[in-house]
Every structure is written in C-alpha cells, then in structure tokens.
Amino acid sequence: MPSELGDFLRARRADASLAPAHANDSGRRRLPGLRREEVATAAGISVDYYTRLEQGRESNPSESVVNALARALHLSPDAREHLLHLRRAGPSSRAARAESAPLGARMSAMVDALSPNPAYVLDRLSNMVAVNAEGLALYDGFAELAPEDRNTCRYLLTDPRARQVFVEWEPIARGAVAQLRAANSDDLRNPDLQAIVHELRDRSPQFAEWWGEHVVERRRGSVTHIRTDTGVVARQYEVLHLPDETLRMTLWLPAT
C-alpha cells in the first residue's frame, strides 16, 4: 500500500546526485540515484526491511533507523525532520493551528511598522495573512485579489507575472514548493493542503514535478533580484518562523 513515508524514500533515493561515482562508467545503471540494496547497506538495515518501508508495509522505523536512512540518503536537517514526522504521521490536532488566525491579525501592526521595507506574514499553506503596502506591491497583481486569494505559492507557479518580477524565478518557485511540504510535514493528508496540491498539480507541470521530488526545505534567507519600474534591484529577504511553525514572516531588505 503506498504511503507518504514510502513515496518520500523512493523520491529521495532517485536523486541523481546520490549515484556512486563509478555508476556512469559501468553503463549498467538504468535509473538515477541509488538502488534499494545500496540504501539498505549504507543504512545498516536489511534489504527486506527497507523494501517494506518503501512499500508501506512498515511505517514506524526507530529513530536510529531514521538517522541511518538520513545519512544514507544525504538528507538535509529539514528533510530528516520531515522523515521523523512521516514515521509518526497520523491524524493530528489542528487546535493549536486554529490559534494562528488571531496571531496573524496581531502581525498586521508589526508588518506596517516595517515600512518602507516590504514585509508580510504567510501561513502554512503560503496564504498571505498580513502584509504592508510595499509587500503587497512586490507581488504584481495581488492588490487586485481578495485577501483570501493571495497565496504566494500559487502566484509563483501559475501567474506569468512572477517570472517577470523574480529574476531567479526557478529557485524561488522550487523553494516555495519545498517550503509547502516542510510546513505541513506533520499532516500531509490535511484536506486544505490536499486541495491546493491538487489545484497546483492540475495548473502547473513544474509544481507536479517538484512536489513529486519530495524536496523539503524551510525558507530562511537569501539574496535575489527583483525587476521594478526603475530596473533590476538586489534584495535580501529574511524569514522568521514563529515558534509554533504555523506562520512565518518575510522581510525584504536592501542587499548589502
């Protein structure tokens, strides 16, 4: 039976960068990445047990096995944490997340105080729950949308204006997909998440491809370039993840 855990392991095992250095010389490997036997050997577990994990017949590996798999698959800290979430995945309570709505409202005063620097707060689905005027202007066309329709992941993957605004569109858009998975690691079957995933799969081939790669990475900070009416400018963005991890604030600063 397919499982999120098994899908994740298969997708990460298929990463071409994991292929042994001698693989390209042998001419016998038909698939990128690692074979099941290679992952199992590197993790110090049996091939049969690893196969059961991929096939969904085992779903709760020990933390030591998770750590071994993370090393074998060269997982980042975010991806390892995601794997831990998957092994204990089950129906999760949204009671704590329900509290994010009033918290989002309180964020409005904070982002307004950060003007003239663009700033906004996103929820776990990348919906914009608080934004100042400069942050709204950063996403060309957002001001025309109802507040509940302002979703940065949808914009990056489906609105052609995103490719004009963000010079390094692909890494920004890929990062949005990786962040969407990271922010929802504890409940990938949540109906709200599934709704936007199904929508974006239908509307964006890139989203379907990148979501299928099971890349997990939380937004942090970087320098990127923005096209404005006066030309291309370098901007540095910083992301603050709030303690309960249901909201994150992004602040755009002049690049130093």
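The values are calculated or read from the model by the stated rules, or taken from the named source; none is laboratory data. This one's a predicted model, so the numbers in the text were calculated from it and none came from an experiment. Ideal geometry is used to build each Cβ from the backbone, glycine not excepted, and the neighbour counts take in all protein chains shown. These area figures cover heavy atoms from the full protein model, side chains too; ligands, DNA and RNA do not enter into them. Shrake-Rupley method; radii C 1.70, N 1.55, O 1.52, S 1.80 Å.
Within the set Arg154, Arg150, Arg163, Arg189, the sole residue that is of a type in the set (Lys, Arg) and at pLDDT below 95 turns out to be Arg189.
Within the set Glu38, Glu58, Glu81, Glu4, the sole residue that is modelled with pLDDT of 80 or more, of a type in the set (D, E, K, R) and in contact with a Phe, Trp or Tyr (Cβ under 7 Å, 6 or more places away or on another chain) turns out to be Glu58. Selection within the stretch 90-126: residues that are open to solvent by 50 Å² or more (accessible area, probe 1.4 Å) and under 30 Å from His214 (Cα atoms). The member of this set that is modelled with the highest pLDDT is Ala101. Taking the criterion of being at pLDDT below 70, of a type outside the set (D, E, K, R), open to solvent by 100 Å² or more (accessible area, probe 1.4 Å) and not in a helix (DSSP H, G or I), the only residue of the stretch 22-35 that qualifies is His22.
Note on the stretch 176-256: enclosed strands (runs of 3 or more DSSP E) holding 2 or more residues that are under 15 Å from Asp123 (Cβ atoms) and open to solvent by 10 Å² or more (accessible area, probe 1.4 Å) are 231-241, 247-254.
Just to be sure before I move on: is Val129 in contact (Cβ under 8 Å) with a residue 60 or more places away in the chain, within 19 Å of Arg227 (Cα to Cα) and open to solvent by 50 Å² or more (accessible area, probe 1.4 Å) in the structure I sent? No, not satisfied.
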